[in-house]
Amino acid sequence: MRERNLIWSFLLAVVTALVFSPPQRIAGQTKPSASESAGLPRSLRLYVIDCGTLHITNTERLGLKKEEVATADLSVPCFLIAHPKGTLIWDVGAVLDSVWNPVGHPVVQHVMLPDSQERDVTVVNSLRAQLAEIGYSPSDITYLALSHYHYDHTANANAFSGSTWLVRQVERDAMFSEKPPGTTQPSTYSALRESKTVILKEEEHDVFADGTVIIKSAPGHTPGHQALYLKLMKTGSVMLSGDLYHYPEERVLDRVPTFEFDAVQTRASRVAIEAFLKKTGAQLWIQHDLNSNQKLKKSPNFYE
Ligand SMILES: [Zn+2]
């Protein structure tokens with residue numbers, strides 16, 4: 001009964017928010033253009049969204065002894081890329097929004113995976129609430145891309161099943177295979193099966209066809225693992241790593257996690273991405289690197 005009341009009050013809150021939320025407008029304008037009403041900026045923006053902190057008890061799984069890493073815990077960011085022609089969400093967290101309610105301070109969520117692995121993740125705010133704060137709902141988002149299929153990147157994927165999914169065939173095949181790979185939570189992305197999907201075939205996919213947002217193939221961690229290159233006007237070029245590395249020490253000490261789909265491929269992808277970074281002068285943002293992540297400005301602030 002208590003659960004039913006909770007569900008009703010949640011539904012009421014959602015309906016109230018939908019009915020009473022004002023449309024996003026640029027100050028001083030009453031008639032926004034089509035792109036402004038969809039919340040699209042004049043130039044490329046990158047929002048870093050806090051999707052939690054993952055507590056790691058065994059760093060050796062990631063190829064490093066506890067004493068070799070500065071911090072064992074991993075940041076779990078989600079990223080919203082807003083371009084004049086549309087939006088892209090890159091990775092969607094480790095904890096499903098609908099299983100908890102933000103209370104204004106950090107709470108620990110226990111995640112249980114079908115392969116019996118368990119993790120604790122500290123979360124402060126939901127992905128949906130953080131998107132709402134900057135004027136977006138999941139149904140506004142043009143494209144969904146996941147760096148890869150592990151549970152800590154897919155938690156809210158179903159909410160974006162109305163977006164166009166950008167994925168490689170090998171990754172999609174593994175996600176929907178009869179026996180899904182380990183460290184996945186297939187129920188969190190099951191709705192993508194019916195999503196409008198673009199299968200990425202080339203090594204690079206130029207999302208908005210102007211060279212500013214490019215998904216780069218970087219297989220090994222999973223069969224279709226990918227990274228994201230962004231050419232920001234003020235910040236310069238940034239590469240979002242996916243899980244090409246987890247810890248900065250992995251990069252320096254040349255370690256590879258123990259559970260790669262193909263460790264040889266991982267090393268080859270690292271060589272290719274490092275060469276690309278050198279060529280472009282792009283900064284590498286290791287998504288899970290907690291200490292670096294803490295220094296980034298978070299949504300509603302953004303990089304441009
Ligand atoms: Zn991860």
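The values are calculated or read from the model by the stated rules, or taken from the named source; none is laboratory data. Because the structure is predicted, anything quoted here is derived from the model rather than measured. FYI the Cβ positions are ideal-geometry reconstructions off the backbone, even for glycines, and counts take in every protein chain you see. We work out accessible area using only protein heavy atoms, side chains counted, and drop any ligands, DNA or RNA first. Shrake-Rupley method; radii C 1.70, N 1.55, O 1.52, S 1.80 Å.
The set of residues in the range 212-240 that are within 16 Å of the ligand (Cβ to nearest atom) and touching a residue at least 60 places away in the same chain (Cβ under 8 Å) comprises His221, Thr222, Gly224, His225, Gln226, Ala227, Leu228, Leu240. Applying the criterion of being within 16 Å of the ligand (Cβ to nearest atom) and among the β-branched types (Val, Ile, Thr) to the residues of the range 148-185, the residue that is surrounded by the most Cβ atoms within 10 Å (Cβ to Cβ) is Thr154. Taking the range 174-203 as the range and being in contact (Cβ under 8 Å) with a residue 24 or more places away in the chain and acidic (Asp, Glu) as the test, only Glu194 passes.
Pro180 meets all of the listed conditions (1) outside any strand (DSSP E or B); (2) at pLDDT 95 or above but one, namely (2). Among the conditions (1) open to solvent by 20 Å² or more (accessible area, probe 1.4 Å); (2) farther than 24 Å from Val123 by Cβ; (3) away from the ligand (no atom under 16 Å from the Cβ); (4) not hydrophobic (A, V, I, L, M, F, W, C), Glu260 misses just one, which is (3). If you check Pro84, Pro102, Pro138, Pro41 for being out of contact with any Phe, Trp or Tyr (no Cβ under 9 Å at 6 or more places or on another chain) and farther than 18 Å from Gln185 by Cα, only one passes: Pro102.
The C-beta contact set for the range 89-101 (first residue over 20 Å from Leu146 (Cα atoms), second residue within 13 Å of the ligand (Cβ to nearest atom) and open to solvent by 70 Å² or more (accessible area, probe 1.4 Å), distance under 7 angstrom, 6+ apart or interchain) is empty. Among the residues of the range 57-70, those identified as open to solvent by less than 40 Å² (accessible area, probe 1.4 Å) and either in contact with a Ser or Thr (Cβ under 9 Å, 6 or more places away or on another chain) or of a type in the set (Ser, Thr, Tyr) (or both) are Thr59, Leu62, Gly63, Val69. Within the range 278-295, residues that are within 10 Å of Val238 (Cα to Cα) reach partners that are within 16 Å of the ligand (Cβ to nearest atom) and charged (D, E, K, R) with beta carbons closer than 9 Å, at six or more positions or on different chains, in the pairs Leu284/Arg251. Tell me whether the range 128-144 contains one or more residues that are within 16 Å of the ligand (Cβ to nearest atom) and not basic (Lys, Arg). No, the range 128-144 has no match at all.
Considering the conditions (1) of a type in the set (A, V, I, L, M, F, W, C); (2) open to solvent by 20 Å² or more (accessible area, probe 1.4 Å); (3) more than 18 Å from Val271 (Cβ to Cβ), Leu253 is excluded by exactly one of them, (3). Within the range 132-143, is even one residue among the small types (Gly, Ala, Ser), within 15 Å of the chain's Cα centre (by Cα) and open to solvent by less than 30 Å² (accessible area, probe 1.4 Å)? Within the range 132-143, none of the residues are among the small types (Gly, Ala, Ser), within 15 Å of the chain's Cα centre (by Cα) and open to solvent by less than 30 Å² (accessible area, probe 1.4 Å).
For every residue, the table says whether it meets (1) more than 15 Å from Val124 (Cβ to Cβ); (2) open to solvent by 70 Å² or more (accessible area, probe 1.4 Å); (3) away from the ligand (no atom under 16 Å from the Cβ); (4) modelled with pLDDT under 95.
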| position | (1), (2), (3), (4) |
| --- | --- |
| Tyr47 | yes, no, yes, no |
| Val76 | no, no, no, no |
| Ile81 | yes, no, yes, no |
| Thr87 | yes, no, yes, no |
| His105 | no, yes, yes, no |
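Would you confirm whether or not the range 116-123 contains a residue that is away from the ligand (no atom under 16 Å from the Cβ) and at pLDDT below 95? Yes: the range 116-123 contains one or more residues that are away from the ligand (no atom under 16 Å from the Cβ) and at pLDDT below 95.
All but one of (1) outside any loop (DSSP other than H, G, I, E, B); (2) in contact with a Pro (Cβ under 7 Å, 6 or more places away or on another chain); (3) over 22 Å from Thr258 (Cβ atoms) hold for Arg61, so report the exception by its number. Of everything listed in (1) outside any loop (DSSP other than H, G, I, E, B); (2) in contact with a Pro (Cβ under 7 Å, 6 or more places away or on another chain); (3) over 22 Å from Thr258 (Cβ atoms), Arg61 misses just condition (3).
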